[in-house]
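Before any comments, here is the structure.
The values are calculated or read from the model by the stated rules, or taken from the named source; none is laboratory data. It should be emphasised that the depicted structure is a prediction, and the values quoted were computed from it without experimental measurement. Cβ placement follows ideal geometry from the backbone for every residue including glycine, while neighbour counts extend to all protein chains displayed.
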Amino acid sequence: MKRFLFFIACLTAALGFSAALEAPDALTLIDDRGTTLRLSRPAKRIISLEPSITETLYIIGQEDKLAAVALAERGSAWPETVKDKPSVGSIRNVSVETLVSLAPDLVLGSAMSERGLAAVSKLGIPTAFISPNSTAEILNMMKVLGRILGGEEKALAAAADYSRRVEEIQKKQPEKAKTGFFVYSVNPIMVFGSDSLPCEILGLAGIRNPLPKVSFSQPIVSAEEILSADPDYVFLAMAAAASYAEMKTHPFWGRLRAVKNGNVMAPPAEHYLRPSPRVIGGVESFYAFVYGGGR
């Protein structure tokens, strides 16, 4: 339970910062806290303390500049070759001594790795806080990292390709949208609200949230609200993913159309929760599940 609450606290902290990530030039980075970092030379040895940033660097072709990474404590590492990179520990337990020994010229992290990022910053190593909270910010992250690392052309092309994929999904959506939402705790009942990345991803896939008043800061809803919404689909996230079998015979959950019809999905976290360009694959996956017969 403590880990769960810590995770939620970190996500809440991340949402508290406005999008400001930009690179006015190849040696200047303004991070997602509005802090300006001026490098003395182009970054050649990067350490990523956040899997979503690591994934983004691979996608824009800058993985050779990764001197080391911090791995997620849970969930998969992508791509498989990332496991071949030197490790500085996990997101929440960074080995500062190991990190310093690798002599990075730039360390990238987010709210989940904030403790390690702060410790490194105190040692005078350049750091940047990168925490995109929407697909637009994720695509912007690709472009900014491409510019600061000398691979802007490939990053722009990759971002354009992801944008095209989203546009193709949106063109195919029916006029009458199906309804659905993410449940990430069944006791108490907690859902991702309309101001969250998971909810945005469902929206891009043409799935309307029937609980629009639920916010990230107030995610607890009542059984009555869920029953009243009676969604077409239910998506199970995090700890709730293990509850589907119980839902079928539960006196409350079993009354929902989504559960009765088997319209329940427990997708991999990288499709909705890890803010890297791979969430666009989530948009495609959710669209296929709801409208294209994908199961």
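Of the numbered conditions (1) surrounded by 13 or more Cβ atoms within 10 Å (Cβ to Cβ); (2) out of contact with any Phe, Trp or Tyr (no Cβ under 8 Å at 6 or more places or on another chain); (3) closer than 23 Å to residue 273 by Cβ; (4) modelled with pLDDT of 90 or more, residue 76 satisfies every one except a single condition; which is it?
Evaluating residue 76 over (1) surrounded by 13 or more Cβ atoms within 10 Å (Cβ to Cβ); (2) out of contact with any Phe, Trp or Tyr (no Cβ under 8 Å at 6 or more places or on another chain); (3) closer than 23 Å to residue 273 by Cβ; (4) modelled with pLDDT of 90 or more leaves (4) as the failure.
Hey, any hits in the stretch 181-189 for a residue that's surrounded by 15 or more Cβ atoms within 10 Å (Cβ to Cβ) and outside any strand (DSSP E or B)? Lay out the reasoning, then the answer.
Filtering the stretch 181-189 for residues surrounded by 15 or more Cβ atoms within 10 Å (Cβ to Cβ) gives 181-186, 189.
Narrowing further to those that are outside any strand (DSSP E or B): none.
Among the residues of the stretch 181-189, not one is surrounded by 15 or more Cβ atoms within 10 Å (Cβ to Cβ) and outside any strand (DSSP E or B), which makes the answer no.
Out of all the residues in the stretch 107-116, is one or more free of Cβ contacts under 8 Å to residues at least 60 places away in the same chain and either under 15 Å from the mean Cα position of the chain (by Cα) or more than 30 Å from residue 201 (Cα to Cα) (or both)?
If we filter the stretch 107-116 for residues that are free of Cβ contacts under 8 Å to residues at least 60 places away in the same chain, which is where we start, we get 115.
Now drop any that are not either under 15 Å from the mean Cα position of the chain (by Cα) or more than 30 Å from residue 201 (Cα to Cα) (or both), which leaves none.
Checked against the condition, which is being free of Cβ contacts under 8 Å to residues at least 60 places away in the same chain and either under 15 Å from the mean Cα position of the chain (by Cα) or more than 30 Å from residue 201 (Cα to Cα) (or both), the stretch 107-116 yields no hits at all.
Could you say which residue among 46, 30 is at pLDDT 90 or above and surrounded by 19 or more Cβ atoms within 10 Å (Cβ to Cβ)?
Numbers: 30 fails: surrounded by 19 or more Cβ atoms within 10 Å (Cβ to Cβ).
Of 46, 30, the one residue that is at pLDDT 90 or above and surrounded by 19 or more Cβ atoms within 10 Å (Cβ to Cβ) is 46.
Go through the stretch 238-295 and tell me which helices (runs of 4 or more DSSP H), entirely inside it, have 2 or more residues that are more than 20 Å from the chain's Cα centre (by Cα) and either outside the structural domain of residue 198 (by TED's automatic domain parsing) or more than 16 Å from residue 189 (Cα to Cα) (or both).
Values: elements: 244-247, 257-260, 279-291.
Of the helices (runs of 4 or more DSSP H) lying wholly inside the stretch 238-295, those with at least 2 residues that are more than 20 Å from the chain's Cα centre (by Cα) and either outside the structural domain of residue 198 (by TED's automatic domain parsing) or more than 16 Å from residue 189 (Cα to Cα) (or both) span 257-260, 279-291.
For the stretch 20-111, list the strands (runs of 3 or more DSSP E) that sit wholly inside it and hold at least 3 residues that are of a type in the set (Gly, Ala, Ser); which are they? Give the steps one after another, and end with the answer.
Numbers: elements: 22-25, 28-30, 36-38, 46-48, 66-71, 87-90, 106-109.
In the stretch 20-111, the matching strands (runs of 3 or more DSSP E) lie at 66-71, 87-90.
Looking at (1) β-branched (Val, Ile, Thr); (2) within 21 Å of residue 41 (Cβ to Cβ); (3) crowded, with 20+ Cβ neighbours inside 10 Å, which is the one condition that is false for residue 69?
Here residue 69 clears every test but (2).
Within the stretch 124-136, is even one residue out of contact with any helix residue (DSSP H, G or I) (no Cβ under 8 Å at 6 or more places or on another chain), assigned to a helix (DSSP H, G or I), of a type in the set (A, V, I, L, M, F, W, C) and crowded, with 18+ Cβ neighbours inside 10 Å?
no
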